[in-house]
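Worksheet: one structure, shown below.
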Amino acid sequence: MRVSSDSIYRAGAAAFLVAAIYHLAASLIPRFGDAAYSDAYPLWRHALFIAVNVSAAWLLLKRIRWAVWVVALVTAQIYYGHGRYAWNSWVRDSRIEWIDLLTTLGATLLLILLIAISIRSARMYRALPRQY
């Protein structure tokens, strides 16, 4: 089964919008925020990640060429935050933190697919006949 690049971009945008909504809910609904994050997690971080996630979604929906670099940076941050937390939970407590694991794996998959699309696009561009 072949998945179109449009579907990948749309799915990535949807994932970023879900993350933005999650952060918005955590910042507006105290019980949800308390359950999802530690007390040390500041409100400004939620606001920052809402802005980052909405921006990344917009870049993907508009298919901005360099969106892959933004996704790479966000994926690095996801590894640092969610990935590290998932690993520590597994090593220390033998517990799987599903949201952190799925966030890390999803971001990795999206980045791999966007890189593949970028490589394919570059090859197609180089294959075009040159007009002098």
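The values are calculated or read from the model by the stated rules, or taken from the named source; none is laboratory data. Bear in mind that the values here come from a model prediction, so they are computed numbers and not experimental data. When we count neighbours, we look across all protein chains shown, and the Cβ atoms used for this are built from the backbone with ideal geometry, even at glycine. Note: areas computed on protein heavy atoms with side chains; ligands, DNA, RNA excluded. Shrake-Rupley method; radii C 1.70, N 1.55, O 1.52, S 1.80 Å.
A few comments on the model shown:
- Where a residue in region 40-62 is at negative phi and its partner, wherever it lies, is surrounded by fewer than 18 Cβ atoms within 10 Å (Cβ to Cβ) and modelled with pLDDT of 95 or more, with Cβ under 6 Å and at least six apart: Ile50/Leu24; Ala56/Val70; Ala57/Leu17; Leu59/Val70
- Residue tally, condition among the aliphatic types (A, V, I, L, M) and surrounded by 14 or more Cβ atoms within 10 Å (Cβ to Cβ), over region 73-101: 4
- Output for region 102-127, where each listed residue is at pLDDT 95 or above and more than 21 Å from Leu59 (Cβ to Cβ): Leu102, Leu105
- Summed over region 38-72, residues that are open to solvent by 80 Å² or more (accessible area, probe 1.4 Å), in contact with a helix residue (DSSP H, G or I) (Cβ under 7 Å, 6 or more places away or on another chain) and under 21 Å from Ile119 (Cβ atoms) total 1.
- First in region 69-84 and within 18 Å of Ala40 (Cβ to Cβ), second anywhere and surrounded by 14 or more Cβ atoms within 10 Å (Cβ to Cβ), Cβ under 6 Å, 6 or more apart: His82/Asp100; His82/Thr103; His82/Thr104
- Residue list for region 15-35, restricted to those being under 18 Å from the mean Cα position of the chain (by Cα) and open to solvent by 40 Å² or more (accessible area, probe 1.4 Å): Ala15, Leu17, Val18, Ile21, Tyr22, Leu24
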